[in-house]
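See structure below.
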Amino acid sequence: MVKKYVELEGYDLYKVLLVDDDRSILCGLRQFKEWKSCGFTIEDEAYAGKDALGKLVEKCFDLVITDIRMPGMDGLELLNKIRARNLDTCLMIMSTYNDFEYAREGIRLGVFDYIMKPLDSKILESALNRVKKHLDEKKFLQKRRKEEKQMLFEENLRFFYPTNQEQRIIVLMMIGDYKTIDEASNTCLELFNFTNQDLVKTDILLGKMLLNLREKINHSFPWLATLEEIVFNDTLTDVESIDGIKTKFLTCINTMLEIIKKYELHHPDGVVGKTCRYVIEHVEDNIRLEDIASVVHISQDYIGKLFKQKTGYNFIDYATKVKMEHAKHLIMTGEYKNYELSKKLGYSSTDYFCRLFKDYTGVTPVEFRKMGS
């Protein structure tokens, strides 16, 4: 049995469409003071059945209150056309005592309630309270069905999730191997076939994998965020083919792979890995090779030669690259002037910092700031 449906939070007022060819009746309904307290708001009015049907097709209403007898299309005809179009709205009819047979026919056709003319405020309030209870129950059930359907869908997706493929991709990515792209491409196509070529499931599962991969990278290199945030769309929406999904998925995979290679994070935890980690963690200090040598307990000459051999960078060039990437991040915050950036990054000369930045990016810090604004 449904319980506590009235306690659901965040409900807007239910929207009402009033329909009557007698404008004095509509005026009287508008003047009713308890609409809001009953949980409703008058969203629109119509003066004939045909006019009302047009509004219902264009816009959603929670409740339609309509007169039975109207020229052209009466209330019963309107009701039949609403049902024929499967328009999801609650219906209440207004009738005089003489129209009781019409009202009974309306109830047979699915009208929730009816009220008699002339309108009585207390009767109208009572009827609206009944409708409100009905609509609350309906919304509660719809919400619960949606949640249950989502739970079943997620359980179903867990069956399809390619855990082994995700592990292979992250292993290849962490060592900077471009076979990562081939593995990701194969995973995409295998998953598509495994889900019986369901684009929606494939899209959601690959989106979840991207989130998991990003989380693993951020967990392994928590200090990476001080340089560059891994940004991509978490889902691969707005695609109508597996080729489109695969293209976007591989673009995101390549983004993560290139960031790892860009900062030489693919080296194992040896001398080179520790050196890269030290530079990134001390990006705002005056980084010296002798300081690193004292940490790893190896001569600075050996570190310099090994670093060049493994990465292709001179140590000072790598340190400068990391500092300039951090400078780009700091510039885009809009919080620092050039001399403040220079000092923050461990440079004693602002001119020297600006020259290094232009050599690295091709533009001055001021120009870079304008490009991002």
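Rule-based calculations on the coordinates, nothing more; no lab input. Keep in mind it's a predicted model, so treat the numbers as computed, not measured. We place every Cβ from the backbone using ideal geometry, glycine too, and count neighbours over all the protein chains shown.
The gain in end-to-end length when the Glu281 to Leu141 segment is fully stretched comes to 45.1 nm, 0.36 nm per residue minus the alpha carbon separation. A simple spin-label model places pseudo-atoms 7 Å from Cα toward Cβ; at Phe32 and Trp223 they are separated by 6.9 nm.
Computed over the chain, the quotient of the alpha carbon radius of gyration and 2.2 N^0.38 Å is 1.60.
In this simple spin-label approximation, Arg130 and Met371 carry label points 7 Å from Cα along the Cα→Cβ vector, and these lie 7.0 nm apart.
Separation of segment 127-194 and segment 37-66, taken as the distance between their Cα centroids, equals 37 angstrom. Of the cross-linked pairs Lys262/Lys370; Lys33/Lys81; Lys143/Lys216; Lys179/Lys208; Lys305/Lys328; Lys81/Lys133, those separated by over 27 Å at the C-alpha level are Lys33/Lys81; Lys143/Lys216; Lys305/Lys328. The calculated FRET efficiency for the pair Ala84 and Phe160, based on their C-beta separation and a Förster distance of 51 Å, comes to about 0.80. Take each peptide in 298-304, 80-86, 124-130, count the other Cβ atoms within 10 Å of every residue, and average; sorted highest first, the result is 124-130, 298-304, 80-86.
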